[in-house]
1. Just checking, how many residues over segment 202-236 are open to solvent by 20 Å² or more (accessible area, probe 1.4 Å), within 21 Å of Ile107 (Cβ to Cβ), small (Gly, Ala, Ser) and in a helix (DSSP H, G or I)?
2. Which of (1) in a loop (DSSP other than H, G, I, E, B); (2) under 18 Å from Leu54 (Cα atoms) does Val197 not meet, given it meets every other one?
3. Can you go through Ser86, Ser101, Ser131, Ser80 and tell me which one is over 23 Å from the mean Cα position of the chain (by Cα) and closer than 21 Å to Pro389 by Cα?
4. Looking at Gly50, Gly14, which one is surrounded by fewer than 24 Cβ atoms within 10 Å (Cβ to Cβ) and either within 16 Å of Ile141 (Cα to Cα) or at pLDDT below 80 (or both)?
5. So Phe111 clears everything in (1) of a type in the set (A, V, I, L, M, F, W, C); (2) in contact with a Lys or Arg (Cβ under 7 Å, 6 or more places away or on another chain); (3) free of Cβ contacts under 8 Å to residues at least 60 places away in the same chain except one condition, right? Which one?
6. Does segment 248-259 contain any residue that is assigned to a helix (DSSP H, G or I), within 18 Å of Thr42 (Cα to Cα), at pLDDT below 85 and open to solvent by 40 Å² or more (accessible area, probe 1.4 Å)?
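The values are calculated or read from the model by the stated rules, or taken from the named source; none is laboratory data. Source: prediction; values computed, not measured. FYI the Cβ positions are ideal-geometry reconstructions off the backbone, even for glycines, and counts take in every protein chain you see. Just so you know, the surface numbers come from the protein's heavy atoms only, side chains and all, with ligands and any DNA or RNA stripped out. Shrake-Rupley method; radii C 1.70, N 1.55, O 1.52, S 1.80 Å.
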Amino acid sequence: MSDTKVIHSSDTSGHIFSLFLKYVSANVLGMIGFSCYILADTFFIARGIGSDALAALNLVLPAYSLLNGTGLMIGMGGGSRYSLSSTHPEGETHRTVFTQSVLLAVIATIFFALTGLLGAEPLCLLLGADSRTLPFAVPYIRILLAFAPLFLANNLLVCFVRNDGEPALSMAGMIIGSLSNILLDYLFIYPLNLGMVGAALATATAPLISMGILSTHFLRGNSHFRLMKTKPSLSTASSICSLGVSSLITEVSSGIVILVFNFLILDLSGNTGVAAYGVLANIALVLIAISTGIAQGIQPIVSSHPGKKGQPVRHQIRCYALLTALLLALLSYAVIFLLADPIADLFNKDQNTALTSIAADGMRIYFTSLFFSGINIVAAVFLSSTDRPKQAFILSLLRGFLLIIPAAFLLAHLFGLTGIWMSLPVTEGIVCIFSLLFLKKV
């Protein structure tokens with residue numbers, strides 16, 4: 001295998017900032033495009049099918065979060081290990097890490113596909129579907145999980161192509177895949193009248209188009225990774241998962257939050273409340289994708305500058321990333337605060353005033369979390385990229401499980417629906433303290 005593309009920069013601030021812009025801009029745009037997979041479903045389902053279908057979509061989002069998070073864990077973990085090992089390109093780890101990542105993806109694919117084909121209805125019932133939402137939820141989740149091989153393969157290629165020095169191609173794959181999903185959503189839901197089946201097929205087949213774009217990396221002879229004949233390695237698999245587990249928990253945490261909030265909101269506001277929260281949850285996927293794009297953009301740079309020699313570059317990149325996350329959070333929140341009502345109306349086919357009111361009021365509270373979540377996501381990926389998976393895992397665990405669940409139950413009991421919206425910014429604010437403490441020690 002030829003030497004890998006290692007991302008180096010000169011010691012000048014200008015060159016480092018240019019490198020930062022190159023990778024982060026491409027990944028922010030790419031992640032926004034990727035996150036629009038489900039947002040497009042939300043819009044077309046809300047406008048073309050109705051509020052029960054929208055509630056059903058929100059109920060099954062945790063399963064999508066687990067699927068996408070697993071793909072990111074393998075892709076981000078494998079990509080990070082690929083870059084970290086690039087100083088020894090002929091070493092066993094560097095030569096075989098892509099193959100070991102593919103083996104992990106195959107195992108995950110079998111689990112998800114079998115779950116979708118054999119257990120779609122029990123899974124939907126477990127996630128809170130009732131007689132009104134079950135007919136919409138079952139076909140959607142069955143198709144989505146049955147197409148797990150495409151989602152996982154796409155996540156893997158996006159991360160490895162980016163770590164192989166092609167952030168623009170990685171971005172193009174994600175954006176074109178997302179645009180194709182939007183076009184297919186419209187085609188399948190409106191002219192072909194396929195309902196939830198059409199929405200699921202559009203989302204499930206879009207990764208295939210993305211992979212078609214990414215495959216040009218191999219066709220042009222630019223790839224420095226390929227499948228190798230090797231035995232499965234438990235140590236390499238463990239290393240991949242440990243570096244990528246924070247990405248998994250970040251995704252799964254959104255699914256856990258959705259699941260917990262759905263059950264709490266069902267008791268307080270019924271299916272209308274769940275549909276309103278579906279608007280928030282899906283907009284959140286896009287806004288969180290901005291921070292995720294910043295974090296994933298700095299990962300190849302940080303991983304490629306290890307040790308004391310790379311410390312000045314890592315320090316500058318970290319400063320740029322945190323400042324960018326805060327500025328984009330401010331911009332995003334300003335848009336949400338000013339346009340909450342018309343945004344909610346976009347997803348309200350039935351002109352349900354209660355749905356618009358709940359969603360708009362919720363947005364203005366819920367999305368104050370952006371000021372903290374951006375720092376937390378950047379910190380977790382930065383720590384993983386510097387081979388500190390334990391600290392990254394702690395941050396992700398605090399965000400995803402240990403704080404958000406008790407906060408949601410406690411604040412819902414004290415303040416009702418307003419308390420539910422408050423629980424996310426409260427959690428992210430507490431975790432932000434830990435993030436800054438961990439970063440200070442790096």
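1. Matching residues across segment 202-236 total 1.
2. It is condition (1) that Val197 fails.
3. It is Ser86.
4. Selected residue: Gly14, the only one of Gly50, Gly14 that is surrounded by fewer than 24 Cβ atoms within 10 Å (Cβ to Cβ) and either within 16 Å of Ile141 (Cα to Cα) or at pLDDT below 80 (or both).
5. Evaluating Phe111 over (1) of a type in the set (A, V, I, L, M, F, W, C); (2) in contact with a Lys or Arg (Cβ under 7 Å, 6 or more places away or on another chain); (3) free of Cβ contacts under 8 Å to residues at least 60 places away in the same chain leaves (2) as the failure.
6. Yes; the residues of segment 248-259 include at least one that is assigned to a helix (DSSP H, G or I), within 18 Å of Thr42 (Cα to Cα), at pLDDT below 85 and open to solvent by 40 Å² or more (accessible area, probe 1.4 Å).
Conditions tested, residue by residue: (1) farther than 30 Å from Thr99 by Cα; (2) crowded, with 23+ Cβ neighbours inside 10 Å.
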site	(1), (2)
Leu243	no, yes
Ile265	yes, yes
Gly273	yes, yes
Gly278	yes, yes
Ala295	no, yes
His315	yes, no
Leu323	yes, no
Leu326	yes, no
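Per-residue answers, yes or no, for (1) buried (at least 22 other Cβ atoms within 10 Å of the Cβ); (2) under 19 Å from Lys231 (Cα atoms):
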| residue | (1), (2) |
| --- | --- |
| His88 | no, no |
| Leu104 | yes, yes |
| Ile107 | no, yes |
| Phe112 | yes, no |
| Thr115 | no, no |
| Glu121 | no, no |
| Leu127 | yes, no |
| Phe136 | yes, no |
